[in-house]
Amino acid sequence: MAHCGDLPTLPPAQARSPLTGAAPPEQAGDSARDLPCVGEFVLSSRSIGVLAEAIEAGNTATTMGTLFLKADVDRWEPQGAANKLDRSVKLLKNLRAENSKETNAGALELARLMLAAGKANPTSYTRSEPTIWWAALRDAVAADGWEFDDNDDRLVPTVPALQVTDEVTWIETDLKDRGWTTAAGHYRQAIEAFASGNWASANSQLRAFFEDLVRHAGGVPPGAGTGQVQQAFDALQAANKLVNGEQQFGKDLWKLLHANGSHPGLSDQDESRFRLLTLTGYARYLLRRV
């Protein structure tokens, strides 16, 4: 994937989160449309074709326009189109041609909206099963690295053979059950920032999540001063909650989270994905024992 340097955050109310459908929090930064590139487009050619067919099959010409407005991609609509499918294909190709943070977020939001609209509804007599195009779209988007969570109608990054949505849901539920709501909030915001392409914001929220998680796990009170994470790992070690080498691993991981920018050979997105998936895996591993 091409590396385009540090990317400005999305301007407020310009795009909506593929995770929740909510507008992202206000961030400082230049317009995403000024970006020369952001690496590879978020959807493959196959996914673009499947999504275009889903949009055509699931909408009238009027509701298609409404869909584009909801996803905030209406400005990329083609001036002319032979039919609904041609209209969808041309719009998605326009998004890919620009390949900015804004158009990547818009393409994901289109996929999220269609998956949310086409999923099964157990309470509905006429919609007890997903629409005929739903599974193909779900699988195509998953192949591009995004898994649809049909409980919350959101997209989360995927890892082959791993149901990331299950891990995310488990961690959020466990944190809330413990009353560790600040850590849960940081974790949710990190996932949303990642989905919106705000790598710096995702990394910042992940650091805050890890710090609050470990502090709670180690019984270190808030406001304990600098070195709270180190104190917490020392306390966990003294309580025999850690496996051999884990105390130093945790401290080194904390140092790694404070590194500025991506490591050599990695794009900002690769770096953020590594941190998100590493902390997701380790958080569950730790929470199981404390």
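Among the residues that make up region 135-154, is at least one of them modelled with pLDDT of 80 or more, part of a helix (DSSP H, G or I), over 19 Å from residue 279 (Cα atoms) and β-branched (Val, Ile, Thr)? Yes - at least one qualifying residue is present in region 135-154. The test for being of a type outside the set (Val, Ile, Thr) and loosely packed, with under 15 Cβ neighbours inside 10 Å holds for residue 151.
Residue-by-condition table, conditions (1) surrounded by 14 or more Cβ atoms within 10 Å (Cβ to Cβ); (2) out of contact with any Cys (no Cβ under 7 Å at 6 or more places or on another chain); (3) part of a helix (DSSP H, G or I):
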{"site": "51", "(1), (2), (3)": "yes, yes, yes"}
{"site": "54", "(1), (2), (3)": "yes, yes, yes"}
{"site": "64", "(1), (2), (3)": "yes, yes, yes"}
{"site": "68", "(1), (2), (3)": "yes, yes, yes"}
{"site": "72", "(1), (2), (3)": "yes, yes, no"}
{"site": "79", "(1), (2), (3)": "no, yes, no"}
{"site": "86", "(1), (2), (3)": "yes, yes, yes"}
{"site": "90", "(1), (2), (3)": "yes, yes, yes"}
{"site": "94", "(1), (2), (3)": "yes, yes, yes"}
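Scanning region 29-49 for residues that are assigned to a helix (DSSP H, G or I) and aliphatic (A, V, I, L, M), we see that the one that is modelled with the highest pLDDT is 48. Please verify whether residue 185 is at pLDDT below 95, at positive phi, buried (at least 16 other Cβ atoms within 10 Å of the Cβ) and within 21 Å of the chain's Cα centre (by Cα), treating the condition exactly as stated. Spelling it out, it is not the case that residue 185 is at pLDDT below 95, at positive phi, buried (at least 16 other Cβ atoms within 10 Å of the Cβ) and within 21 Å of the chain's Cα centre (by Cα).
The values are calculated or read from the model by the stated rules, or taken from the named source; none is laboratory data. None of the values given here were measured: they were computed from a predicted structure. Ideal geometry is used to build each Cβ from the backbone, glycine not excepted, and the neighbour counts take in all protein chains shown.
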